[in-house]
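First comes the structure, then the notes that go with it.
The values are calculated or read from the model by the stated rules, or taken from the named source; none is laboratory data. Since the model is a prediction, treat every value here as computed from it, not as a measurement. Using ideal geometry, Cβ is built from the backbone for each residue, glycine included, and neighbour counts are taken over all protein chains shown.
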Amino acid sequence: MPRYLLSDAKCRNAKEGEHGDGGGLYLDVKGTGTKSWKYRWSSPPGDTARPKMGLGSYPTITLAEARIEHERCRKLVAQGVDPRTERKTVMKPETLNEATDKYFELKREGLKRNGQAGRWLSPLNNHILPKLGSKPVAKLTVEDCVEVLEPVWRQDTGRKALDRLAQVLTNAKARNPEVLGSHNDIRESIRALLPHVRRKNKKHPSLPWDQVPSLWMSLGGSVFDVGFKFYLLNLPRTANVTQMVWAEVNWEEKIWDIPGERMKTGEEFAAPLAWQSMAILRKAKSEFSSKNDFVFPSETAWKKGVISENTWRLWLRSNGWKAKDGRFAVPHGFRASFGTWCQDNQICDGQMAERCIQHRVDSQKAAAYLRSELLDQRSAIMQKWANFVTSLEDEKIQKARAEEEVQRELDEPLERENTQGKRRTGREVMEWLREDSVEQEEAVEHDETMARDLAWISQPDD
């Protein structure tokens with residue numbers, strides 16, 4: 001069959017009717033003057049109708065472009081594929097929901113637990129996708145993005161939402177250059193239309209470090225209290241303690257090996273344990289039992305079997321422990337208390353303080369160095385911190401021991417045996433001295449009274 005029968009001039013001057021280019025490609029001209037491309041092909045055996053599909057309007061789709069699309073469709077027919085179905089799939093615009101899903105699949109491997117907690121997607125799911133998710137991503141405008149961000153822009157959530165949205169759109173633009181047209185730096189293009197906001201760095205409210213020993217003294221011996229004591233001594237993240245199992249404890253080396261899946265950084269962390277921490281673990285081992293091998297199990301937490309991560313926060317609030325700014329202290333804030341203590345008391349520099357409480361290190365090599373070369377340094381620092389935290393308790397114990405020593409000495413004999421073979425104890429000697437002192441005071445008082453009386457009697461009469 002002859003091919004390429006049309007020319008640009010013939011297309012421009014074509015009258016009403018169908019004008020074939022060969023191979024099933026036609027230019028269909030209506031009585032109104034509108035022109036569009038059509039493709040017809042032979043139907044499978046048994047079908048009488050000859051399928052037909054549109055390839056776009058002329059001159060929007062030029063003759064050359066129509067021939068390229070026609071050739072692509074002919075190859076699909078030769079493969080047994082209906083080009084109409086395939087074209088619907090290809091031409092279906094990608095929505096923001098779909099673009100988000102595609103990018104998240106690329107992103108999830110670098111997220112903690114593959115992003116199962118949903119924290120990365122949360123700003124998008126809560127503030128962006130409900131309004132824009134069903135829209136074609138290529139049709140979105142900067143103004144659309146600004147409109148959904150403005151209500152939360154003054155909050156830190158707004159910053160996170162913009163960051164996530166910009167990442168999704170940048171990924172979509174790499175696949176389709178039409179996304180946000182000429183805006184190459186999508187994040188800055190959106191930010192430029194949002195108001196300038198000075199966000200306060202809302203750090204976790206932390207108890208002043210000099211109050212930590214008093215807090216320690218207010219805790220008792222329940223699994224809740226003992227678990228919180230262990231947290232205060234080591235300052236990991238709350239879940240590291242509540243979900244701690246005995247297999248993580250290296251009794252010989254006095255190290256707590258926290259697995260990577262429970263670390264925010266995704267990397268294992270070796271926490272050196274002070275002797276106070278080891279004492280707490282021995283207490284927990286002997287007094288608390290768990291079916292799931294948890295170190296600090298909770299019988300009331302029927303769902304997970306561990307202490308709730310919010311329990312300690314609520315306890316701090318209900319007992320009035322506050323930060324300097326008046327907000328109630330939270331468990332995570334004690335990490336800042338530790339850092340300030342290190343700085344104010346010149347214990348170590350800021351970087352070393354961060355390394356002691358599981359802040360992210362730069363590389364696997366640095367992580368290995370953290371465990372090997374720096375373990376002794378970190379251990380010494382954490383032992384000093386444990387000594388400080390328990391200082392009031394230690395003073396109380398030392399005072400009690402001193403009093404016990406005094407009482408013991410008072411109960412021991414101090415004298416040689418008398419003629420009756422008896423020896424008075426220190427307590428009996430102290431009592432005798434006390435009684436003798438009283439008698440002497442009474443005698444002195446009696447003599448002074450007699451002297452006054454004699455002086456009065458001896459006075460001459462006026």
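Of all residue pairs spaced 6 or more apart or on separate chains, those with beta-carbon atoms under 6 Å, a first member in region 166-183 that is farther than 15 Å from Phe104 by Cα and a second member that is surrounded by fewer than 21 Cβ atoms within 10 Å (Cβ to Cβ) and not hydrophobic (A, V, I, L, M, F, W, C) are Val179/Lys173; His183/Ser189. I'd like to know if region 48-56 contains one or more residues that are within 24 Å of Pro136 (Cβ to Cβ), at pLDDT below 85 and not assigned by TED's automatic domain parsing to the domain that holds Leu169. Yes, because at least one residue in region 48-56 is within 24 Å of Pro136 (Cβ to Cβ), at pLDDT below 85 and not assigned by TED's automatic domain parsing to the domain that holds Leu169. If you go through region 201-251 and pick out every residue that is in contact with an Asp or Glu (Cβ under 8 Å, 6 or more places away or on another chain), more than 21 Å from Arg317 (Cβ to Cβ) and assigned to a helix (DSSP H, G or I), you end up with 3.
Of the residues Ala380, Ala443, Ala402, Ala386, the single one that is farther than 30 Å from Glu253 by Cβ, modelled with pLDDT of 70 or more, surrounded by 10 or more Cβ atoms within 10 Å (Cβ to Cβ) and small (Gly, Ala, Ser) is Ala402. In region 311-327, the residue that is surrounded by the most Cβ atoms within 10 Å (Cβ to Cβ) out of those that are touching a Ser or Thr at 6+ places or on another chain (Cβ under 9 Å) and under 23 Å from Phe296 (Cβ atoms) is Trp312.
For beta carbons closer than 7 Å, sequence separation of 6+ or different chains, a first residue in region 1-21 that is part of a loop (DSSP other than H, G, I, E, B) and a second that is among the β-branched types (Val, Ile, Thr) and at pLDDT 90 or above, the qualifying pairs are Ala14/Val29; Lys15/Val29; Glu16/Val29. Can you confirm whether Ile68 is in a loop (DSSP other than H, G, I, E, B) and either touching a residue at least 40 places away in the same chain (Cβ under 8 Å) or aliphatic (A, V, I, L, M) (or both)? Against the criterion (in a loop (DSSP other than H, G, I, E, B) and either touching a residue at least 40 places away in the same chain (Cβ under 8 Å) or aliphatic (A, V, I, L, M) (or both)), Ile68 does not qualify. Ala368 falls short on exactly one of the conditions (1) at pLDDT below 90; (2) assigned by TED's automatic domain parsing to the domain that holds Glu261; (3) surrounded by fewer than 19 Cβ atoms within 10 Å (Cβ to Cβ); (4) in contact with a helix residue (DSSP H, G or I) (Cβ under 7 Å, 6 or more places away or on another chain), and that condition is (4). In region 264-273, the condition of being surrounded by 13 or more Cβ atoms within 10 Å (Cβ to Cβ), charged (D, E, K, R) and more than 23 Å from Leu111 (Cα to Cα) is met by no residue.
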